[in-house]
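Every read-out reported here was derived from the displayed coordinates using simple, explicitly stated rules and does not represent laboratory data. These numbers were taken from a predicted model, which means no experiment stands behind them. Every residue, glycine among them, receives a Cβ derived from its backbone with ideal geometry; neighbour counts consider all protein chains shown.
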Amino acid sequence: MVRIVMVEDNELNRDMLSRRLARRNHEVKCAVDGEQGVAMVKEEQPDIVLMGVSLPGIDGLEATRQLKAAEATAKIPIIVLTAHAMAEDRERAFSAGADGFCVKPIKFNELIELMARLLG
């Protein structure tokens, strides 16, 4: 079982993706904004983080920077989930410290494959 923290402010996206991941026997905890996401990752120490970008409060890229800067969470893989699909969006995500990048709408099988690669 993979322990996941998903940081996503859109309730429908959060619900759909968390249910699909749970059906694969993954444990999913959800945060609805950047601050809550950073706090939850620090507390839960998940195996992987799925990070939305356009979040209330601090955005997902800033949350990613904070998690990668903290010794306790720096090694946790973070996959950015975003509707922004341009090359510069991808570059910004990786510059912030993201380990992976998925464009919304999420292609579930591609997400699962990316998670598997990042988790080894």
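Evaluated with a Cβ-only charge set (Lys, Arg +1; Asp, Glu -1), the range 20-120 carries a dipole of roughly 340 debye about its Cα centre, given to the nearest 20.
For Leu55, the residues whose amide H sits under 5 Å from its own are Gly60, ignoring neighbours fewer than 5 places away on the same chain, with H placed 1.01 Å from N. Once the Cβ-Cβ distance of Glu11 and Glu71 is raised to the sixth power relative to R0 = 30 Å, the FRET efficiency obtained is 0.35. Fully extending the segment from Arg3 to Lys42 would add 12.7 nm, taking 0.36 nm per residue of separation and subtracting the current Cα-Cα distance. Calculated [222 nm] ellipticity per residue, helices only, for the chain: -14000 deg cm²/dmol; basis is -39500 (n - 2.57) per DSSP H run with n ≥ 4, divided by all residues, nearest 500. When the Gaussian network model of the chain links Cα atoms closer than 10 Å, the mean-square fluctuations of Val32, Val53, Val41 top out at Val32. Distance between the C-alpha centres of the range 95-118 and the range 60-77: 16 Å, rounded to the whole angstrom.
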